[in-house]
1. Roughly how tilted is helix 141-153, in degrees to the nearest 10 and between 0 and 90, from the longest Cα axis of the chain?
2. Quickly work out the Q41-to-D259 label distance, labels modelled 7 Å from Cα along the C-beta direction, and quote it in nm with one decimal.
3. When only C-alpha pairs under 8 Å and at least 6 residues apart count, what is the relative contact order of region 135-191, in percent?
4. Go through K244/K305; K80/K306; K300/K332; K113/K306; K80/K244; K119/K239 and tell me which ones have a Cα-Cα distance over 30 Å in this structure.
5. Please state the relative contact order of region 6-333 as a whole percent: Cα pairs under 8 Å, 6+ residues apart?
6. Please give me, ordered by residue number, the chymotrypsin sites (Phe, Trp or Tyr not before Pro) of region 192-221 that lie in loop per DSSP and have at most 13 other Cβ atoms within 10 Å.
7. When the Cα centres of region 1-46 and region 252-283 are compared, how far apart do they sit, in Å?
8. What are the trypsin sites (Lys or Arg not before Pro) within region 228-285 that DSSP puts in a loop, where the Cβ has at most 11 other Cβ atoms within 10 Å?
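Taken together, the values in this text are just the output of simple stated rules run on the coordinates, not laboratory data. Since this is a predicted model, take the numbers as computed values, not measurements. All Cβ positions, even for glycine, are placed from backbone atoms using ideal geometry, and neighbour counts span all protein chains on display.
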Amino acid sequence: MSTPSGLLYDSHQRFHNYLRISLIEKCNLRCTYCMPSAGIQLSPKESLMTSDEVYEIARVFVQHGVDKIRLTGGEPLLRKDFGAILDRLSTLDASLALTTNGVLLDRYIDDLKRAGLRKINFSLDTLNPESFNTITLRDQFDRVHSNLQRVIKEGFDVKINAVLLKNQNEEEIIDFIELTRSQPLSIRFIEFMPFQGNAWDQSKTVSLASILKRVEHFYGAAQVERLQDAPNDTAKNYKIRGFKGSFAVISTVTNPFCDSCNRIRLTANGKLRNCLFSDKEQDLLSALRSGVSIEPVIQKALQLKKAVRAGLDSPETFEDYHTHQSNRSMIKIGG
Ligand code: SAM
Ligand code: SF4
């Protein structure tokens with residue numbers, strides 16, 4: 001690994017060794033909590049990063065101490081040159097991970113293996129085909145489900161990401177946890193978060209506390225074991241005693257975990273974002289294209305990073321949906 005330089009520290013002494021790169025703004029699903037109902041304005045093609053630019057930016061980050069890169073989107077597997085991007089990134093001294101909705105995964109199994117990418121976050125919010133259509137507005141459940149089975153069988157390290165929505169899929173919490181009884185899976189329940197155009201309100205978010213209450217009621221509190229979280233983990237991890245897999249909750253809304261944040265995000269059009277909830281971005285791609293060093297741009301992004309959720313540090317400021325309207329929608333940030 002490269003020796004960490006001072007560049008990736010923010011003013012709260014957090015070191016950012018984890019780069020999340022969004023490869024594309026387009027998606028083949030329309031998850032209602034992510035894609036605004038009015039659609040999104042796509043960036044012009046020429047303002048999106050090419051595969052060479054993705055590599056060059058990632059290389060600079062790795063040189064300064066990034067040792068984990070996650071590819072996301074939109075739907076990253078829609079990118080025609082996904083295999084080529086993977087091949088180039090695999091030459092860097094960093095572990096690779098992928099977040100995907102799984103629709104196209106079967107096409108890329110060999111590319112993932114060749115690049116040594118083992119960690120897949122597989123987004124699946126329901127185990128019910130009808131609810132899948134209601135949540136994603138696309139009839140792709142069978143394909144997604146069969147690709148999930150395939151990657152588990154192929155031995156990838158799979159985490160299922162499920163965004164829980166009140167009165168929609170919260171009744172499936174136990175069904176999801178039952179998948180971990182005999183399979184080495186991790187199910188991560190994500191609290192529904194506010195972004196531009198996703199009609200968020202706090203009452204639709206299923207909280208960490210209510211998830212745990214339901215699980216303890218079903219299995220008995222003594223059966224629910226709190227696991228040690230990995231350093232910088234955004235999830236609070238648990239397992240049911242005797243089960244092969246585990247489950248976790250990502251509680252950004254009710255219990256933020258900013259103290260240990262080590263993430264920095266690059267959008268598909270080359271803007272650097274220091275927080276999911278910040279509407280301030282630094283234009284890394286323009287700097288790269290104009291031939292100047294991108295390091296000062298990285299430094300600026302990190303120095304501007306706030307201690308907690310882009311400065312929305314009280315429940316009152318965070319829960320005011322208007323404050324999120326100038327932020328990008330999740331599909332254009334990359335999760
Ligand atoms: N298309 C890929 C996928 O769905 O996995 C990658 C991009 S998606 C934006 C990344 C993650 O963000 C997904 O796990 C998705 O469930 C999550 N996400 C999107 N909108 C969200 C929201 N409003 N609240 C919480 N999680 C959200
Ligand atoms: Fe697409 Fe992923 Fe957003 Fe769903 S969550 S609309 S799959 S980008």
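1. 80
2. Taking the two extended label points, one gets 4.1 nm.
3. 39
4. K244/K305; K80/K306; K113/K306; K80/K244
5. 21
6. Here no chymotrypsin sites (Phe, Trp or Tyr not before Pro) fit, given the DSSP loop and packing criteria.
7. Cα centres, region 1-46 to region 252-283: 7 Å.
8. Counting only loop positions with at most 11 other Cβ atoms within 10 Å, the trypsin sites (Lys or Arg not before Pro) in region 228-285 are R241.
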